[in-house]
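Take a look at the structure below.
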Amino acid sequence: MNKFKTYIILVAAVFAVYSCDSILDTEPQQSISEDLALNNSDNVKAVLVGAYNEFSDADVWGGLMQMQPDLLADEGDVNWTGTYEQPRQIFLKEIQVDNSFVADAWVDSYSTINTVNNVLSAIDVVNAGDQDRVRGEALFIRGSLYFELARQFGKAWNDGDPSSNLAVPLVTTPTTSINEESEIPRNTVQEIYNQAISDLTEAKNLLPPTNSVYATTYAASAMLARIYLQQGDYANAAAEANRVIESGEFTLVPNYADVFNNSNANTSEDIFAIQVTSQDGGNSLHTFYASQGNGGRGDIEIQQQHLDKYESGDDRLDLFYADGEGTRSGKWQDQYGNVLVIRLAEMYLIRAESNFRTGTQVGPNTPGQDLTIIRERVNLGPNLTPTLQDILDERYVELAFEGHFLHDKKRLEQDVGSLSWNSPDLVYPVPLREINANDALTQNDGYGGSN
Amino acid sequence: MLRKATIFGMVCLLLFFMSFQANAQDRTVSGTVTSAANGEPLAGVSVVVQGTTIGIATNQEGEYSLSVPEGNNTLVFSFVGFVTQEVPVNDRTEINVELQTDIQQLSDVVVVGYGSQIKRDLTGNIASVSGEDIAEIPVNSFESAIQGRAAGVFINAGNGKLGQGISVRIRGTSSISASAEPLYVIDGIPVTSASLSSFDNETNPLATLNTSNIESIDVLKDASATAIYGSRGSNGVVLITTKRGRAGGTQVNVNYQTSFSEPATNRDFMRSSEYINYFLEAAENRAVYDYNRRGNPDGYASEQAAINDWVSYTESVFDFYGQGVDWRNNPIDFDWQNQAYQDAYGQEVDASVSAGNEQTRFFVSGAYSNQNGILIDNEYTRINGRINVDHDASEKFKVGLNLSVNRTINNRLGNDNLFETPMQMVAQIPFSPIFEDDPDASGYQATNEYNINTYYYNALDITNNSTFKTKLNRTFGNVYAEYAFNPNLFVRSEFGTDILNQNEAYHYDNELSYYTGSEGTAYSAFTEALNYTTNSYLNYRNIFAQDHNIEAIAGISANVYKQDYTEVQGDNFPNSSFTQIQNAADIVLGSGSETEYSFLSYFTRANYKYKDRYLLGLSARMDGSSRFGENNRYGFFPSVSAGWIISDEEFMSDASTVSFLKLRASYGKTGNANIGNFPGLGLYAGVSYAGASALQPSQTPNPDLKWETTTQLDVGLDFGLFDDRITGELDYYIKNTEDLLLGVNVPGTTGFTTQTRNVGKLTNQGVEFVLNTRNISAGDFLWTSSFNIAANRNEVGDINGQVIEGGYINRAVEGEPIGVFYSYEYAGVDPETGDALFYVNDVGEDGFGVVDHSTGTTNDPSQANQVVIGNPNPDFIGGLNNSFSYKGFDLSVLFQFVVGNDIYNGGGVYMSSGASYFDNQTADQLDRWQNSGDETDVPEPRLGLGNGNVNSSRYLSDGSYLRLKTLTFAYNLPAELLSKANIRSARLFVTGSNLLTFTNYEGWDPEVTADYLDGNLALGNDFYSAPQPRTFAIGINLGL
């Protein structure tokens, strides 16, 4: 039986190489678990920067939120020659419910909002000295996004009754688990605008005047000015624009061309911009507007009709360039150039328009003086007694291809080609994937189809 | 303990009798063993005195000499692939034997998980392919060689690029989100088989294997065979066994072959003159359409003004892209499609030495192969070395080693969706020159400079000024030790590693700055995948009371996989001579990551055979995996199977036509754990913004996550008729997969798009039929056939109403097969207007579209409802192999077929789009609507507008095909001639693959999967995918 014992020892030795099931305990190396991510001040701040990262995504403010509404509003200023079907549908005003660019705008915005909501839920963990700033930045991002979502997926503020027109679902708490309660219906345009205004107003009160490349109190004001203008609330629009202009924190860049194509640093004119470097961030405006020679796709050709809208001698014309196939906008030539979100020139134009419309004068300048500041920078003569149309024309060329065409046309109730300003074709469909995943959602007018 | 002692006692008794026999008086018997088919001597044939351990193997000349004890002895001659013969000695001293080729191969040993079994005793379903059958076929990876040879195994090589991923589906797709690829096990060790590509196009790590080292491939299909692999068995298991040394003289084999490949099929595009007319017409159509039907958005004064403007715009586009070509008068045709291809030569040399004696046996081999792809700049080089050693230290103790070192170098191409992929050149404007015009020449005169003013980037310029290489070093190492406590019981331990190191690197020259956006770009990524496994198990076998035959195993296995990855990219180089990242001015990307998973498993199996005809098998495995949440870490996977060899029953003894009949059935449970490594955890990923590090939510948690479970029932019948001249297998199976690991779509408002959950069901059921026949066996002439056909019906069960999409228009729809095409139904062209029409169809209560043509048609697809328009899964797959041999000649012809599947051309919206873009159009678009009353399926082209070029059934076509997959003709030189030159055997052969294809598919090649799409739903998609190569090869096999 000794031999038998030897066998047992041998077998035991062979099997001993297997320890207990500790080999099954593995941990991810590139990610951390969610409870760790929100358990201390530094981590919560890092999550806030993560929200900026999502905010800067191509489908959010990395370019497509500017480019797509411009394409949708186009009536011959540009020609889309690219082979991407999704922007082409937008350009042709024939958006399908499964347009993935439209779906990404929705999905990526909400992903950013969820990140922000996580930051807000853990705000108590942040050290006292930074709590206001962190909270303010988070609210700036959320408020800005809700405003964008409302005007892309809902009817215009001035189209019918915003208190019954539907915009997007309102989510203000972080997602901890996903169940039937996650299927949230669409809130009204008014509710979403109210949330945006309340978030941004709170942000305005919490944020410091300077904050590196992150949101400041003036970024919040500037965004509020934009919202009020969209609502036709000119008194508040003028007040917020004036607050930014008169803060002394911003000055116009002397040379118009220098406003654009700056990498990873704000100009003196930038109130808020998406930072792009060779290391991170991306500029989708570059992808589609820039010529192939500049590393873009050269999908958007600027037509003579657009160039004719500039006065002769306008420095802004110098920024256009030809690449053999057509004329390109020079605003987005650099692959690693920042994506501008909001800049001082817009504030002057908002103040000028709002003051003109209300017939009052908020701030030191008349509408003509504000307009002249914009004009003189680009080597045009003063226009101290402008008409409303003069101001709007100036706005059109100054802010061209920066994402204002559609929203201005709706605000001004100007038709787009053969489409009425309030045509359902000028509102995005609720993405098909959302309709499919969420029974509580209803589709916009003019879009049908099964799932 | 008492029982153990009894067993030992019995063993000792047995040994005693054996030694007693060996001591009796002996006589010497000698002779030669030859093959009945061609008269050639067979080396390595085992010659054993029945009922004893006395035996020897034949030498190179097929000769043997053996001491046989006195008495009425019988010699048993056995050899793989031949019918075993028993010959009574009857006082003879010379016995020469001719062995017959075995068709049914009932006596063959089939490799199963942790062991092997005689095919006759199998209760499960295993398809075996011998290495010999596939050794000569010129393929990039062995999977392509078994296409059409194994019933129920659906293999799709994707497209004609070398080194890319190959899809293998055993008995259908059993998962929606988790991988549906089988588990690959080489010599008992699971190996890394998933793509490690850093790019969208998958690579195939299995292409590193040297096909000529393969002894056999056994595909485990039913639950009784796969349940021993537990949570990794649901997709089937492919067991690869490599060649080993045999006792006997030294055998040297040298194989050489050289090959030539060309595209198997082609597609017609418009010629320049056709293109010009078509696009000018489209420009006019656009103007008229805009002016009259789109509200004149550009505000033209008259219809004619609109026409003039659109035509002149188009002409200006032509002028630009003509680049010196006088397109109006001399529209030269630059055959862009042909530019994608190259003359593809290849060669392969392989040498092996096998030798050994009863104590030590070894097999060493080395191989070099270089293949050029049919696409420019596509090449695959493979260098392999192998040594397999077995040593019997004593009667009880055996050790062995398998070691294989491999290196491959793959010149890769961009994925199908990139401008630089050669096949996308078909989209270029046909008169757009390849090379720049010489401005000094009259008319167009090509220079040496590539024309970069093309509609899409000039892929030739990019390919010629860039490199994209994947280099891979891979070592398979496996040591084992086996100790036999007694003849009935042994323990075996194996330790195996699969160490894979891969470098993927690309470089674009400075000249391509117009493409890359920087003055030169270089990228390099290193991946290390370490996969190691230990198996230890006890094997017990015994016969009780003559009729009770038992074999049982029990063991434990651990598998750990670790993967490290680093990548770096540098931009801006001084000039194109510099290609290394050190010389880059800007390091624009640098990243590293690591991940791992592990399995810990306990397994057991028992096979019981009563009276040699009643079979029972039981197996079970308990699997733990790191991939699952704490709540569900272990799973249990049992199986039961039974077989009844009816032909051995008394009552069948008179049924002389039926030589073999076995009924078998199996039922069991397997799992699929092929998902991401940490799918159950709620995670935040590390990211950055504006130079600051950051965190963002990346995954929402699900602690209850577990494996998908598949229960499979298989009922089969194996038969042999007319003395096994006709043999076959018929199987029915049903596989129910539950708790599917689904990336369930969740509302985007949660901040997430999907959550991995165990929901949903999937069923595969089917029939497989295999028929092997020996048609003519007359003298030297032998004709055998082997036919297999399999039908699998897949049905997606309850998936909680989820809409799960893949590919362009693939979907998982309840009650439909996986990945059905779901889109608008094209209704042809309105003869009055030339508008593309779509059936409106209807919506059912579940929200899904329902075909209902009574709802009429619309020219606006957004008013139509999407419906199921096609199915990418075939109704039948199979193959027919015919082999003929006459004296030294043999011929083998394999046809392979796939029937009833649809293919969606994702490129249709560009290449057959009615001038939506300036892409060259397929020639079939010339049949367009032109005038009121025209009856055609091709809508009126309208430049820059979509007229029916949304995804719809317009771009769907039947993907059935019948293919002459391989044909091999060989001549074996006569042994008499060779013996003078001291050559054992010499075989000359010509072979070809993909020689003929019969199909109605409108695209290039019906064996297609666009390589940038992944996921189990993305079935049957074509997107500028290269056709399969048609390859011709000649070669020689020498035996020394």
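Among beta bridges from DSSP that stay inside chain A, the antiparallel ones total about 90%. Between B:S432, B:F419, B:G373, the Cα set farthest toward the positive side of the dipole of the stretch B:371-443 (charges on each charged residue's Cβ, about the Cα centre) is that of B:G373.
Taken over the stretch B:871-1015, the percentage of Cα pairs per 10 Å bin, counting from 0 up to the bin with the maximum distance, is 10, 25, 22, 17, 12, 8, 5, 2, 0. With bins 20 Å wide beginning at 0, the percent of Cα pairs of the protein assembly as shown falling in each bin runs 8, 32, 33, 17, 7, 1, 0. In a simple Cβ point-charge model (Lys, Arg +1; Asp, Glu -1; nothing else charged), the protein assembly as shown has a dipole of about 6300 debye relative to its Cα centre.
Kirkwood analysis of the Cα pair distances in the stretch A:37-430 returns a hydrodynamic radius of 21.3 Å.
Across the stretch A:265-280, computed HN-Hα scalar couplings (Karplus, 6.51 cos²θ - 1.76 cosθ + 1.60, θ = phi - 60°) run 7, 7, 7, 5, 8, 6, 8, 8, 9, 7, 7, 10, 10, 5, 8, 8 Hz from first to last residue, x flagging Gly and Pro. In the stretch A:62-216, taking the dipole from charged Cβ atoms about the Cα centre, the farthest positive-side position among A:Q190, A:P208, A:F101 is held by A:P208.
The long axis of helix A:217-231 is offset from the longest Cα principal axis of chain A by roughly 60 degrees.
Mind scanning B:K471/B:K706; B:K662/B:K887; B:K662/B:K735; B:K609/B:K706; B:K398/B:K980; A:K45/B:K562 and naming the pairs with a C-alpha gap bigger than 28 Å? Each step should come with its number before you reach the end.
Details: B:K471/B:K706 36 Å; B:K662/B:K887 35 Å; B:K662/B:K735 22 Å; B:K609/B:K706 36 Å; B:K398/B:K980 39 Å; A:K45/B:K562 32 Å.
Violating the 28 Å limit, Cα to Cα: B:K471/B:K706; B:K662/B:K887; B:K609/B:K706; B:K398/B:K980; A:K45/B:K562.
Based on the Kirkwood approach, the hydrodynamic radius assigned to chain B is 31.9 Å, with every pair of different Cα atoms included.
Shielding of peptide A:43-52 by partners, expressed as the average count of other chain Cβ atoms within 10 Å per residue Cβ, is 6.
Shielding by partners for peptide A:108-119, expressed as the average number of C-beta atoms from other protein chains within 10 Å of each residue's C-beta, is 4.
A simple count of charges around B:N575, restricted to other residues whose Cβ falls under 15 Å of its Cβ and scoring Lys, Arg +1 and Asp, Glu -1, yields -4.
Sort B:F848, B:F142 so the one with the fewest other Cβ atoms within 10 Å of its own Cβ comes first. Before the final figure, lay out each step's value.
On the way: B:F848 21, B:F142 24.
The fewest-first ordering by Cβ neighbours comes to B:F848, B:F142.
Counting Cβ atoms of other protein chains within 10 Å of each residue's Cβ and taking the mean over peptide A:174-182 gives 5. Of the beta bridges in chain B, as assigned by DSSP with both residues counted there, near 95 percent are antiparallel.
In the protein assembly as shown, a dipole from Cβ-located charges (positive for Lys and Arg, negative for Asp and Glu) runs towards its positive end, and of B:F889, A:Y348, B:S394 it is B:S394 whose Cα lies farthest in that direction. One Cα centroid belongs to the stretch A:376-418, the other to the stretch A:39-63; the line between them spans 33 Å.
From most to least packed by mean Cβ count within 10 Å, the peptides B:984-995, B:744-755 give B:744-755, B:984-995.
Think of each Lys and Arg Cβ as +1 and each Asp and Glu Cβ as -1; about the Cα centre, that makes the dipole of the stretch B:24-99 roughly 120 debye. Overall, chain B carries a charge dipole of about 4740 debye about its Cα centre when +1 sits on the Cβ of Lys and Arg and -1 on the Cβ of Asp and Glu, all other atoms neutral. Per-residue Cβ neighbour counts within 10 Å put A:D323, A:D258, A:D370 in the sequence A:D258, A:D323, A:D370, beginning with the fewest.
Centroid-to-centroid, using Cα positions, the stretch A:239-255 and the stretch B:61-85 are 102 Å apart.
Taking a straight line from the alpha carbon of A:K410, these lysines sit under 30 Å away, with near neighbours fewer than eight places off in the same chain left out: A:K93, A:K155, A:K204, A:K309, A:K331. As a calculated quantity, the FRET efficiency between A:E94 and A:Q131 at R0 = 51 Å, using C-beta atoms, amounts to about 0.60.
The Cα center of the stretch A:263-312 and the Cα center of the stretch B:123-151 differ in position by 56 Å. Entry note, chain A: the mean residue ellipticity at 222 nm calculated from DSSP H runs of n ≥ 4, each adding -39500 (n - 2.57), is -14000 deg cm²/dmol after division by the residues and rounding to the nearest 500.
Read-outs: derived from the displayed coordinates by stated rules, not from any lab. Just so you know, these numbers come straight off a predicted model, no measurement behind them. Cβ coordinates were reconstructed from backbone atoms using ideal geometry, including for glycine residues, and neighbour counts include every protein chain displayed.
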